[in-house]
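Peer 1: One structure coming up, written as C-alpha cells, with questions to follow.
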Amino acid sequence: MDTSNRQAARENWDAYIRARDSGHDEWVKIAEKCERFYAGGGQQWDAADRQRLERQGKPVLEINMILSTINTMLGERINQSSEIRFKPTRGGTATLAEAVLTPLARHIQADNNYHFVEGEVFADGLISDRGYLDIRMDFSKDMRGEVRITALDPMTVLPDPLAKSYDTRDWNEVTMTRWMTLDEIESEYGKEHRTKVEHFAQNISQYGAYEQD
C-alpha cells in the first residue's frame, strides 16, 4: 500500500473509531433491546431476570403492547402515504416541473419499489430510533446510470458524533460498515486488494488495535 492510500485508510479508520466510541456502540445496545421488545416471543426479559423467576417457580409472562402499537403506526403510514410533486421556484417553469420532474420522480420511485423501502426505513425509525435511505447512481446495468434507493441497516451507519442537525448536509462525516468476503473484495476492488486483505486476516494477531472489530 502506498503512502497516500495508507493515510486515507488511517483517516477513515480514525473517523470510524471516533464515531463508534462517541455513543454509537451504546446506541446499538439500546437498539438491539428495542428490537427484542418489538419482536416479543419471550425476548423482552433479560436472561438473568428470567432465570431468577424460573428458579422461584414464578411464571415468566410477556404481554407485548409494543408490537400492536408500532404496527398500528405502520398501518397509518400506508393509509396516509404522500407523493412527490415538483413546483417551480427560483426561476423554474411549470412545464419543466409537471412534464419532466414529477413523472421522473414517480418513475424512480416505482423502479425502486420506494413504497416498501420507505416503509422499512419508517419501521427502523419507530423501533430503533434511526432509519436511513441510501440514494446513489448505479451503473451496473446501464452505462447512463440509474437511481437506486435502498434502506440501510441503521446499526451499520455511524453518524457524525458532532452533528447538530438531522440534515446530513450539515454533517462533517458519516461512516458505513459492512462485512465482505474475500471473493466480494476481489470482485469489487481487484485481486491485488484481495491479497492484501487475505494477508491481513491470516496475521490478525499482529494487529492488536483492530481485534475488537
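Peer 1: Once both labels are modelled 7 Å past Cα along the beta-carbon direction, what's the A99-T177 spacing in nm?
Peer 2: 5.1 nm
Peer 1: Between E76 and E32, 0.36 nm times their residue separation minus their Cα-Cα distance comes to what?
Peer 2: Here the answer is 13.4 nm.
Peer 1: Of all trypsin sites (Lys or Arg not before Pro) in the range 38-125, which ones are in loop regions per DSSP and have a Cβ with at most 13 other Cβ atoms within 10 Å?
Peer 2: R85, R90
Peer 1: Using Cα springs under 10 Å in a Gaussian network model of the chain, which residue among L53, L67, L133 shows the largest mean-square fluctuation?
Peer 2: L53
Peer 1: Here's a follow-up. Give, in whole angstrom and from largest to smallest, the semi-axes √(5λ) of the equivalent ellipsoid of the range 1-74, with λ running over the eigenvalues of the Cα gyration tensor.
Peer 2: Working: eigenvalues 349, 64, 14 Å².
Value: 42, 18, 8 Å, ordered largest first.
Peer 1: Within the chain, what is the longest stretch that has no GluC sites (Glu not before Pro) placed in a DSSP loop and near at most 10 other beta-carbon atoms within 10 Å? Please list the in-between numbers first.
Peer 2: Details: sites that count: E83, E211.
In the chain, the maximal stretch lacking such sites is 84-210.
Peer 1: Please report, in debye to the nearest 20, how large the charge dipole of the chain is about its Cα centre when each Lys and Arg carries +1 at its beta carbon and each Asp and Glu carries -1 there.
Peer 2: I would put it at about 400 debye.
Peer 1: Helix hunt in the chain: which complete DSSP H runs extend at least 20 Å axially by C-alpha with mean Kyte-Doolittle at least 0.0?
Peer 2: Sorted by number, the helices that extend far enough and score high enough are 65-79, 114-128.
Peer 1: Please compute, for the alpha-carbon atoms of the range 133-195, the extent along each of the three principal axes and give them in descending order in Å.
Peer 2: 41, 31, 19
Peer 1: Among V28, V147, V100, determine the one that fluctuates most according to a GNM of the chain built with springs between C-alpha atoms less than 10 Å apart.
Peer 2: V100
Peer 1: Just A163, A97, A19 to compare: in a GNM of the chain, with alpha carbon springs under 10 Å, which one fluctuates most?
Peer 2: A97
Peer 1: Using the heavy atoms of the protein chains and a 1.4 angstrom probe, tell me the accessible area per residue for the range 104-200 in square angstrom. Walk me through the intermediate numbers first.
Peer 2: Details: 6920 Å² over 97 residues.
So the range 104-200 comes to 71 Å² accessible per residue, rounded to a whole number.
Peer 1: For E146, what is the net charge nearby, where nearby means another residue's Cβ is under 13 Å from its Cβ and Lys, Arg count +1, Asp, Glu -1?
Peer 2: Result for the local shell: +1.
Peer 1: Provide Rg over Rh for the range 89-159; use the alpha carbon set for both Rg and the Kirkwood Rh (inverse mean inverse pair distance).
Peer 2: So for the range 89-159, dividing Rg by the Kirkwood Rh gives 1.08.
Peer 1: Distance between the C-alpha centers of the range 114-158 and the range 85-112? Whole Å please.
Peer 2: 21 Å
Peer 1: Mind giving me the FRET efficiency for I17 and L67? R0 is 30 Å, r the Cβ-Cβ distance, nearest 0.05 is fine.
Peer 2: FRET efficiency, I17 to L67: 0.25.
Peer 1: Evaluated at 25 °C with a viscosity of 0.890 mPa s, what Stokes-Einstein diffusion coefficient in µm²/s does the range 19-153 have when Rh comes from the Kirkwood expression over alpha-carbon pairs?
Peer 2: 131 µm²/s
Peer 1: Now a separate question. Which of A8, V174, L96 sits farthest toward the positive end of the charge dipole of the chain, with +1 on the Cβ of Lys and Arg and -1 on the Cβ of Asp and Glu?
Peer 2: Looking along the dipole axis, the top candidate is L96.
The values are calculated or read from the model by the stated rules, or taken from the named source; none is laboratory data. Worth saying up front: this structure is predicted, and the values here are computed from it rather than measured. Methodologically, a virtual Cβ is constructed for each residue, glycine included, from the backbone with ideal geometry; neighbour enumeration extends over all protein chains shown. Ligands, DNA and RNA are stripped out before the accessible areas are found, and what is left, the full protein with its side chains, is counted by its heavy atoms. Shrake-Rupley method; radii C 1.70, N 1.55, O 1.52, S 1.80 Å.
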